1. Consider only pairs whose beta carbons are under 7 Å apart and that are at least six residues apart or on different chains; among these, list those whose first residue lies in the stretch 86-112 and is open to solvent by 30 Å² or more (accessible area, probe 1.4 Å) and whose second residue is assigned to a helix (DSSP H, G or I).
2. Do you know which of the residues in the stretch 165-192 that are touching a helix residue (DSSP H, G or I) at 6+ places or on another chain (Cβ under 7 Å) and in a helix (DSSP H, G or I) is farthest from VAL209 (Cα to Cα)?
3. List every residue pair whose Cβ atoms lie under 6 Å apart, where the two residues are 6 or more positions apart in sequence or sit on different chains, the first residue falls within the stretch 122-134 and is open to solvent by less than 40 Å² (accessible area, probe 1.4 Å), and the second residue, located anywhere, is among the hydroxyl-bearing types (Ser, Thr, Tyr).
4. Hey, GLY116 hits all of (1) part of a helix (DSSP H, G or I); (2) at pLDDT 90 or above; (3) under 16 Å from the mean Cα position of the chain (by Cα) but one; which does it fall short on?
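The values are calculated or read from the model by the stated rules, or taken from the named source; none is laboratory data. None of the values given here were measured: they were computed from a predicted structure. Cβ placement follows ideal geometry from the backbone for every residue including glycine, while neighbour counts extend to all protein chains displayed. Heads up: the accessible areas ignore ligands, DNA and RNA and are worked out on the full protein's heavy atoms, side chains in. Shrake-Rupley method; radii C 1.70, N 1.55, O 1.52, S 1.80 Å.
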Amino acid sequence: TNRSQSSMLSRCRWRGCAPARGELGRHATHFCITRHAASASDSTPLLLHLYEEMLRIRLFEQRCVELFDRKFVKGTAHSCEGQEATAVGVCGGGLLTERDFVLSHHRGHGHVLAKGADMGRCLAELGGRRDGYCGGMGGSMHLADLSKGVLGANGVVGASLALGCGAGLAAKYEGKGRVAVAFFGDGASNQGLFHEALNMAAVWRLPVVFFCENNQAQDIPLLPQSTSPEQHPQLCE
């Protein structure tokens, strides 16, 4: 019944996150009831929150595609549709605080939203409006919310790796336990900057997490034309 569904959702709030409304609410309600029927695990509130965040980002991206086709979005935009889980898993699951840094890339809407940025201001930025996060001057590939630790996205492949080292160095000098997460795609792993950044982070012992989103979207196929796949298991041991 509606009453039992409402009661079940009220028990599934995580960190004060109220049940969503509309289309998102219907999906979340179904997910929540299914999870309760399958298991009474204490992890259910967290799982519901993660699901809501992933669906929220998916709906945002789908709307952005529509608005891009209608010429509302200023400049270019790259959708992160299909990559919601990586963004939410890192930024929305309680692993990071608002003070921790996030460096994104050109498919970075999900990272910014999962870190807690306001959806309306993100959309305003894409539309070139003055109430956007960068005053409408940055657009899709330069979303940033410094209050949430999101230092910005950019269109340079692999740039987040070096910027992550810079944020990590600042966090190390500050000495307050902050960390930096640098998201990059698999295509960026063949950039010279990838090797330089990882080496620098290791030498300086920086609090940086380099997170590779293997979306296989690079222009040059990664395997096997440009990488030796049989070496990967040995390198990971």
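1. From residues that are open to solvent by 30 Å² or more (accessible area, probe 1.4 Å), the pairs are GLU98/LYS148; HIS106/MET141.
2. ALA188
3. Sorted first by the residue in the stretch 122-134, then by its partner, the pairs are GLU125/TYR133; LEU126/SER140.
4. Every listed condition holds for GLY116 apart from (1).
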